[in-house]
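Student: The structure under discussion is supplied below as structure tokens; questions concerning it will follow.
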Amino acid sequence: MIHRALFLFVLLLALPAAAQDAAVYGARLEGFDYPHPVQIFRFTSQNTAMEMAYMDVKPARPNGRTVAVLHGKNFCAATWEGTIAALTGAGYRVIAPDQVGFCKSSKPAHYQYSFEQLAGNTKALLDSLGISRVTILGHSMGGMLAMRFALTFPQMTQQLVSVNPLGLEDGRAKGVPWSSVDENYRAAQNTTADSAREYQRTVYYAGIWKPEYEKWLQMQVGMFRGAGKDVVAWNSALTSEMIFTQPVAHELERLKMPVLFLIGDKDTTGRSNRAPKDVQPTLGNFPAMSEAAKARIPTAKLVRFADTGHSPQIQDPARFHAALLDGLAHP
């Protein structure tokens, strides 16, 4: 009886994780709840009707500034939950969109993805809300997009904050071979919780996995389990090529507004296994890339987190948000 009771106890402990691991979400992330009400911005892009989901979170005591937060490739607007709370608590209005192709926004069958296009979509959203000056905060792919937004719409950009951005180096120029959209599509179709968890543990969280990361993993992987998994994988493949072919590394000197880099030093994103073995160790060196970027931008400040990976805002939120709020208050 004791052994049977122990077995049942262990089984009950495992049930929540097993249920979470079986989460199935729609192509528009139907079934996954966001921390604030989701609104829809409807517009036409490339002769196609589009919908951008977004959260517009207003502070109790406004300080007059607005921050647009831009998610990474394997993330969504919801992932900014803790940062939204920190920002609104300090008086900032926060606009948190899901980009076209991601999460709760449209996933077109055909779209010419570019960072300029996503920046233009974001500007159109902000214009519709009557926002003419904004601080752009982006992480990973969103950090790359934030830099492109600032380069494309400098008069609108009050301040740029980029968290472990992609695009600080040109992998193609360094010898990483091209991968076709079809190859990227097949790889995306093979996404599983185990493969994504191991990648994120190694790259995003410096070899550490905590239970609180699981929610964001399942948010991503759940879309690859649903009926819309093929269109999710297809848009993932298209945006992978966008990232590879459109680095911002060659244009950093054009950034004239205040710039803040927040960098987890243990990030290994970009160390492509497609690269020749002698090239792989030279890729994704975020301490070196961020220091070089700071040196090229006279208005830039850099805060490095020695013991975090790609996602310091999730791995060490207290330290990250303290640095973020200080950097916003003292650009």
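A short reminder: the numbers here are calculations on the coordinates, not readings from a lab. Values in this document were obtained by computation on a predicted structure and should not be read as measured data. Glycine also receives a Cβ, built like all others from the backbone with ideal geometry; neighbour counts cover every protein chain displayed.
Student: Can you return the lysines within cross-link range of LYS301? Criterion is Cα-Cα under 17 Å, with same-chain partners fewer than 8 residues away left out.
Tutor: The qualifying lysines are LYS256.
Student: For segment 62-161, what's the relative contact order in percent, using C-alpha pairs closer than 8 Å and at least 6 residues apart? Walk me through the intermediate numbers first.
Tutor: On the way: 155 pairs, mean separation 33.2, N = 100.
In percent, rounded to a whole number, it is 33.
Student: About its Cα centre, what dipole magnitude does the chain give when the only charges are +1 on Lys and Arg Cβ and -1 on Asp and Glu Cβ, stated in debye to the nearest 20? If you can, show how the numbers build up before the last one.
Tutor: Values: 33 positive and 28 negative charges, 81 e Å.
With Lys and Arg at +1 and Asp and Glu at -1, about 380 debye.
Student: Based on the Cβ-Cβ distance of ALA322 and THR245, what FRET efficiency does E = 1/(1 + (r/R0)^6) give at R0 = 41 Å, to the nearest 0.05?
Tutor: On the way: r = 36 Å, r/R0 = 0.88.
About 0.70, to the nearest 0.05.
Student: Still on this model: Lysines within cross-link reach of LYS229: Cα-Cα under 26 Å, excluding same-chain residues under 8 positions apart?
Tutor: LYS73, LYS104, LYS107, LYS215
Student: Then there is this: How much FRET efficiency would the formula 1/(1 + (r/R0)^6) give for ALA60 and VAL279, where r is the Cβ-Cβ distance and R0 is 51 Å, rounded to 0.05? It would help to have the intermediate numbers written out before the result.
Tutor: Working: r = 51 Å, r/R0 = 1.00.
Working from the Cβ atoms, E equals 0.50.
Student: Can you tell me which of ALA206, ALA27, ALA288 moves the most in a GNM of the chain? Springs connect C-alpha atoms under 10 Å apart.
Tutor: Judging by the Gaussian network model, the answer is ALA288.
Student: Still on this model: Distance in nm between label sites at LYS215 and SER128, each 7 Å beyond Cα in the beta-carbon direction?
Tutor: 2.7
Student: While we're here: I need to check one value: relative contact order of the chain, counting alpha carbon pairs closer than 8 Å and at least 6 residues apart, in percent. Walk me through the numbers before you get to the answer.
Tutor: Values: 611 pairs, mean separation 60.9, N = 331.
Once divided by the residue count of the chain, the mean separation gives 18 percent.
Student: Could you give the semi-axes, largest first, of the ellipsoid that matches segment 66-112, computed as the square roots of 5 times the alpha carbon gyration tensor eigenvalues and rounded to whole Å?
Tutor: 25, 10, 7
Student: Further question on the same structure: Report the calculated FRET efficiency for VAL24 and THR299 (r = Cβ-Cβ distance, R0 = 51 Å), to the nearest 0.05. Please list the in-between numbers first.
Tutor: Working: r = 46 Å, r/R0 = 0.90.
The computed FRET efficiency comes out at 0.65.
Student: So how long is each side of segment 112-155 along the principal axes, counting just the alpha-carbon atoms, biggest first, in Å?
Tutor: 26, 23, 15
Student: Which shape class, rounded, prolate or oblate, goes with segment 85-210 when its Cα gyration tensor gives a ≥ b ≥ c as root eigenvalues, a/c under 1.5 marks rounded, and past that a/b bigger than b/c marks prolate?
Tutor: On the way: a/c = 1.69, a/b = 1.41, b/c = 1.20.
The shape class here is prolate.
Student: State, as an integer percentage, the relative contact order of segment 17-87 based on alpha-carbon contacts under 8 Å between residues 6 or more apart. Could the numbers behind the result be given before it?
Tutor: Details: 43 pairs, mean separation 14.8, N = 71.
Rounded, it is 21 percent for segment 17-87.
Student: Given Cα positions, please report Rg to Rh for segment 275-323, the hydrodynamic radius being the Kirkwood one.
Tutor: 1.06
Student: Just going by the charge dipole of segment 18-111, with Lys and Arg at +1 and Asp and Glu at -1 on Cβ, which of PRO62, TRP80, CYS103 is farthest out on the positive end?
Tutor: Towards the positive end, the residue furthest out is PRO62.
Student: Cα-based Rg of segment 181-256 per 2.2 N^0.38 Å, rounded to two decimals?
Tutor: Working: Rg = 15.3 Å, N = 76, 2.2 N^0.38 = 11.4 Å.
With N residues counted in segment 181-256, Rg over 2.2 N^0.38 Å equals 1.34.
Student: Going out from 0 in 5 Å bins, what whole percent of all Cα-Cα distances in segment 178-331 drops into each bin?
Tutor: 2, 8, 13, 16, 19, 18, 13, 8, 2, 0
Student: Can you give the % of DSSP beta bridges in the chain that are antiparallel, to the nearest 5?
Tutor: Details: 11 of 34 bridges.
Looking only at bridges with both residues in the chain, the antiparallel portion is about 30 percent.
Student: Out of VAL279, VAL24, VAL161, any idea which swings most in a Gaussian network model of the chain, alpha carbons joined below 10 Å?
Tutor: Between VAL279, VAL24, VAL161, it is VAL279 that shows the largest mean-square fluctuation.
Student: When the Cα atoms of segment 135-197 are enclosed in a convex hull and the volume is divided per residue, what value in Å³ results?
Tutor: On the way: hull volume 8.1 nm³, N = 63.
Enclosed volume per residue, from the Cα hull, is 128 Å³.
Student: How would you order 235-246, 143-154 from highest to lowest mean count of nearby Cβ atoms within 10 Å? All intermediate terms of the calculation are to be shown ahead of the outcome.
Tutor: Working: 235-246: 19.7, 143-154: 23.8.
By packing density, highest mean first, the sequence is 143-154, 235-246.
Student: Relative to the present Cα-Cα distance, how much length would full extension add between GLN46 and ASN190 at 0.36 nm per residue of separation?
Tutor: 48.9 nm
Student: Can you check how the C-alpha radius of gyration of the chain compares to 2.2 N^0.38 Å, as a plain ratio?
Tutor: Values: Rg = 19.7 Å, N = 331, 2.2 N^0.38 = 20.0 Å.
It is 0.99.
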